[in-house]
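Below is one structure, written out as structure tokens; comments come after it.
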Amino acid sequence: MIARLFTDHPASVDESYLEHAAFAAKFSLALFGAAFAAAIHAIFPFAFEKTASGIVARLYARTHNRGK
């Protein structure tokens, strides 16, 4: 029962637990990068003009049909 908590969702996107953990970790790092770029852009509007939105668009493209 407990093991299913860690395996059901990764299996729903055709990944093992470790594959899913690696994917989620990379996704998280990309989001941190987008957040950093957006924060710098808030102070210096000429910097990173499209960086955060580009990262978000790429992440969405990689994830919006997973598990279907």
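The values are calculated or read from the model by the stated rules, or taken from the named source; none is laboratory data. What you are looking at is a predicted structure, and each value in this text was computed from that prediction instead of being measured. Note that we place each Cβ from the backbone using ideal geometry, even for glycine, and neighbour counts take in every protein chain shown.
One table, with the values for the structure above:
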{"read-out": "Some residue of the range 13-24 being exposed (fewer than 10 other Cβ atoms within 10 Å of the Cβ), modelled with pLDDT under 95 and assigned to a loop (DSSP other than H, G, I, E, B)", "value": "no"}
{"read-out": "Looking only at the range 25-65, and only at residues there that are part of a loop (DSSP other than H, G, I, E, B) and of a type outside the set (Phe, Trp, Tyr), the one that is modelled with the lowest pLDDT", "value": "Asn65"}
{"read-out": "Check on Leu5, at pLDDT below 95, aliphatic (A, V, I, L, M) and not in a loop (DSSP other than H, G, I, E, B)", "value": "yes"}
{"read-out": "Thr63 of a type in the set (Ser, Thr, Tyr) and over 12 Å from the mean Cα position of the chain (by Cα)", "value": "no"}
{"read-out": "Pair list, Cβ under 8 Å, 6 or more apart: the range 9-30 residue closer than 21 Å to Lys68 by Cβ, other residue surrounded by fewer than 12 Cβ atoms within 10 Å (Cβ to Cβ) and small (Gly, Ala, Ser)", "value": "Pro10/Ser16; Ser12/Gly67; Val13/Gly67; Asp14/Gly67"}
{"read-out": "Count of the range 1-58 residues which are among the acidic types (Asp, Glu) and more than 18 Å from the chain's Cα centre (by Cα)", "value": "2"}
{"read-out": "Filtered residues of the range 24-66 (kept if within 19 Å of Ser12 (Cβ to Cβ) and either aliphatic (A, V, I, L, M) or in contact with a His (Cβ under 9 Å, 6 or more places away or on another chain) (or both))", "value": "Ala24, Ala25, Leu59"}
